[in-house]
1. With r as the distance between the Cβ atoms of R103 and T128 and R0 = 25 Å, compute the FRET efficiency 1/(1 + (r/R0)^6) and round to 0.05.
2. Stretch T80-Q116 to full length: gain in nm at 0.36 nm per residue minus the Cα-Cα span?
3. Any chance you could run the full-extension gain for A135 through V33? It's 0.36 nm times the residue separation minus the Cα-Cα distance, nm to one decimal.
4. So, R0 is 30 Å and r is the distance between the beta-carbons of V88 and E68; what FRET efficiency does that work out to, to 0.05?
5. Could the peptides 73-85, 165-177, 133-145 be put in order, highest first, of the mean number of other beta-carbon atoms found within 10 Å of their residues?
6. For the ranges 151-163, 96-108, what's the packing order if you count other beta-carbon atoms within 10 Å of each residue, average per peptide, and put the highest first?
7. Compute the length gained on full extension between F50 and L158: take 0.36 nm times their separation in residues and subtract their Cα-Cα distance, giving the result in nm to one decimal.
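Values quoted throughout were computed directly from the atomic coordinates according to the rules given, and no laboratory measurement underlies them. All of these numbers come straight from a predicted model, not from anything done at the bench. When we count neighbours, we look across all protein chains shown, and the Cβ atoms used for this are built from the backbone with ideal geometry, even at glycine.
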Amino acid sequence: MAALGDPRGWRGPALLGILQRLARRNSLVHRNVSRLLTLAIVIGVAWGGFAWYRGRQVDAATPVFRTEAVSRGPVSEIVTTTGSVSAVTTVQVGSQVSGIISRLNADFNSRVTRGQLLAELDPTPFLTQVEQRQADLTRVRVQARASEIDLRRQERLLGEGLTAEAEFDAAKAAHDAALAQV
C-alpha cells in the first residue's frame with residue numbers, strides 16, 4: 001500500500017467517485033451554460049431582426065416630398081374628386097316670346113358677353129303671324145276705301161236731295177270707324 005502523500009500510489013474508491021461526480025457535474029453545468037448562451041444568442045438575433053423590420057416599415061410609411069421651382073408648363077397630373085360646384089354669379093335668362101329653338105349659339109357653362117346672340121327661334125310661326133296681320137291691314141284699308149266711296153256717294157245724293165240725312169250720317173260714321181281701324 002502506498003503512502004498517503006504519494007500521488008502515484010493511492011487511488012481509493014472514494015476519491016475516484018468524487019472525481020467522477022465532479023466531472024459529471026462540470027459536464028452538466030457546461031452543457032446547461034452552453035444551452036443558455038445559445039438561447040440568448042437566438043433571442044438576440046430575433047430581437048434585432050424584428051427591430052430592423054419595424055424600422056423599415058416606419059420609413060416606408062413616411063411620405064417623401066420633392067420640391068421644385070415654380071414654372072409654367074403643361075398639366076402632368078390629373079386630380080379626381082367628388083363634391084358640388086356652385087357658380088359665383090348666377091344669371092337668370094329669359095325671353096319675351098316663346099317658340100322652337102332652331103339654332104343654339106351658346107352651350108351650357110360657356111362664356112358669353114353682353115349683347116351676344118344666344119339662340120335663334122324658328123321664324124315660321126312669326127312669319128305666319130306677320131302675313132296674317134298684313135292681310136288684316138289690307139282688308140281694313142279696302143274697307144276704309146269702300147266706306148270713303150260710299151260716303152262720297154251719300155254726299156252727292158244728299159246734295160241732290162235724293163237721300164235722307166240719316167243715311168249720310170251712317171255712311172260718315174262707317175267711314176270714320178274704318179279710318180280708325182287703319
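1. Values: r = 19 Å, r/R0 = 0.77.
Plugging the Cβ-Cβ distance into 1/(1 + (r/R0)^6) gives 0.85.
2. Details: separation 36, 0.36 × 36 = 12.96 nm, distance 3.39 nm.
Length gained between T80 and Q116: 9.6 nm.
3. Length difference between fully extended and current span is 24.1 nm.
4. Once the sixth-power term is evaluated, E becomes 0.45.
5. 165-177, 133-145, 73-85
6. Sorting 151-163, 96-108 by mean packing, highest first, produces 151-163, 96-108.
7. Values: separation 108, 0.36 × 108 = 38.88 nm, distance 13.22 nm.
Working it through step by step, the gained length comes to 25.7 nm.
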